[in-house]
Amino acid sequence: VTSFAAVPERLLLGSGPSPVPQRVLDALAQPTLGHLDPAFVEVMEEVAELLRATFRTANRTAFPVSATGSGGMQTMVDNLIRPDDRVIVGVNGLFGERMSDALTRRGAEVVRVEAEWGRAIPTERLVAAAEDPFAALFVVHGETSTGVVQPLDALAEACAQHGALFMIDCVTSLGGQPLDLDAAGVDAAFSGAQKCLNCPPGLAPFTANDRALERVQGSPSWYFDLRAVLDYWEGDGARTYHHTAPTNMVVALREALRIVQEEGLEPRWERHAKAHEALRSALAQLGFERVAPEGEQLHPLLAVRIPEGVDYNGTRAALLQDHDIEIAAASGPFAGQVWRIGVMGEGARPEPQERLVRALARELGVDVTVALDALHDGWA
Ligand SMILES: Cc1ncc(COP(=O)(O)O)c(C=O)c1O
């Protein structure tokens with residue numbers, strides 16, 4: 001018996017949010033602190049340090065924007081881009097489209113470098129677009145809409161030739177796919193709490209180096225004004241109120257980031273790679289083929305084509321209603337054809353994957369033995 005209105009307990013194996021460990025939920029449910037309480041300031045400092053470690057950056061500026069991942073994108077666009085800036089944007093899925101849209105609304109001259117959904121953008125094409133002077137280049141490191149990872153090599157060098165900023169979306173890749181921001185020469189990046197960090201949705205980890213921050217002149221949006229927000233997050237001695245920080249969420253993020261560091265980034269990346277391959281081979285036994293070609297797969301998100309005869313919406317609905325398992329549909333050219341399965345943090349483990357494979361085989365009315373063997377072999 002609970003004293004509050006309970007919600008069902010789902011196994012979140014969709015495109016996010018991802019499974020939140022009890023330890024993070026316990027941290028979240030602690031008494032609320034004021035946003036200027038010295039005890040909370042200590043949490044803020046630890047979160048900044050943990051974010052630097054997770055992003056692999058020495059940037060001073062590393063904090064969670066009080067918003068979902070898209071708020072991280074808005075912070076980037078409003079503060080680091082100016083109207084009439086020429087910005088090169090990689091578009092090979094929904095989130096590249098979203099950035100292109102946000103930049104257009106900002107008044108930037110958007111140069112789109114496109115690839116078909118389900119493929120990475122060839123590096124040469126991005127580098128070729130960087131011939132004429134431009135202000136910034138943006139790519140989505142992990143395209144959640146397609147399950148494809150975008151290589152970052154050579155892009156920082158292409159930007160440096162024009163003094164342009166190199167910016168990325170690492171919402172789905174942070175903590176699940178190899179990523180070293182400083183080594184890749186990334187000037188600014190945003191992420192989300194609810195993917196491989198296993199925190200509830202509502203915070204957007206953000207980082208920018210001094211070169212990027214030098215471009216900040218002011219922000220068209222009041223809420224995402226980086227200077228004002230940093231007066232609170234980085235104010236030496238005096239932290240100036242801008243908006244009431246979502247203190248419980250920041251405490252939860254600290255716990256989630258501690259878990260990431262306790263495991264270690266490299267072992268975590270390796271676990272995600274292994275989990276991805278194990279699930280891919282198990283689902284292949286049930287007739288589902290991965291969308292991303294070998295070498296372009298985003299480990300935290302497995303997008304698979306639905307074999308003929310499988311009920312696209314009905315099966316997903318049955319997984320949710322009868323098995324409490326969430327997986328995601330797809331949009332755009334993949335609508336009705338592709339399912340997206342999260343392999344994120346606590347979801348990238350044998351037990352939740354086995355639950356999914358068993359439930360799916362059951363819904364399809366097929367024997368699960370061969371698929372389970374493939375899953376176990378993948379984890380062995
Ligand atoms: C790659 C990518 N970018 C941006 C976003 C936007 O984040 P949010 O939905 O938290 O605003 C998402 C969310 O799924 C994403 O996967």
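The values are calculated or read from the model by the stated rules, or taken from the named source; none is laboratory data. In this text the structure is predicted, and so the values were computed from the model without any measurement. Here the Cβ is made from the backbone with ideal geometry for all residues, glycine too, and neighbour counts use every protein chain on show. Just the protein is used for accessible areas: all its heavy atoms, side chains included, with ligands, DNA and RNA removed. Shrake-Rupley method; radii C 1.70, N 1.55, O 1.52, S 1.80 Å.
General observations
- Evaluation of Ile325 against the conditions (1) within 22 Å of Pro8 (Cα to Cα); (2) without any contact (Cβ under 8 Å) to a residue 60 or more places away in the chain; (3) surrounded by 20 or more Cβ atoms within 10 Å (Cβ to Cβ) shows that the sole unmet condition is (2).
- The set of residues from region 219-233 being free of Cβ contacts under 8 Å to residues at least 60 places away in the same chain and either among the hydrophobic types (A, V, I, L, M, F, W, C) or closer than 17 Å to Pro83 by Cα (or both) comprises Trp222, Ala228.
- Every test in (1) touching a residue at least 60 places away in the same chain (Cβ under 8 Å); (2) touching a Gly at 6+ places or on another chain (Cβ under 9 Å); (3) open to solvent by less than 20 Å² (accessible area, probe 1.4 Å) is passed by Leu94 save one, and that test is (3).
- Any hit, region 317-333, residues being under 25 Å from Gly118 (Cβ atoms), out of contact with any Cys (no Cβ under 9 Å at 6 or more places or on another chain) and of a type in the set (Asp, Glu): yes
- Scanning region 157-173 turns up at least one residue that is without any contact (Cβ under 8 Å) to a residue 40 or more places away in the chain and β-branched (Val, Ile, Thr).
- The requirement of being in contact with a Lys or Arg (Cβ under 9 Å, 6 or more places away or on another chain) and within 19 Å of Phe63 (Cβ to Cβ) is satisfied by Leu179.
- Those residues of region 68-91 which are open to solvent by 10 Å² or more (accessible area, probe 1.4 Å) and more than 16 Å from the ligand (Cβ to nearest atom), in sequence order: Arg82, Pro83, Asp84, Asp85, Arg86
- Scope region 34-56; condition more than 26 Å from Asp180 (Cβ to Cβ), open to solvent by 60 Å² or more (accessible area, probe 1.4 Å) and part of a helix (DSSP H, G or I); matching residues: Pro38, Glu42
- Residue in region 4-19 that is touching a Leu at 6+ places or on another chain (Cβ under 8 Å), in a loop (DSSP other than H, G, I, E, B) and open to solvent by 40 Å² or more (accessible area, probe 1.4 Å) present: yes
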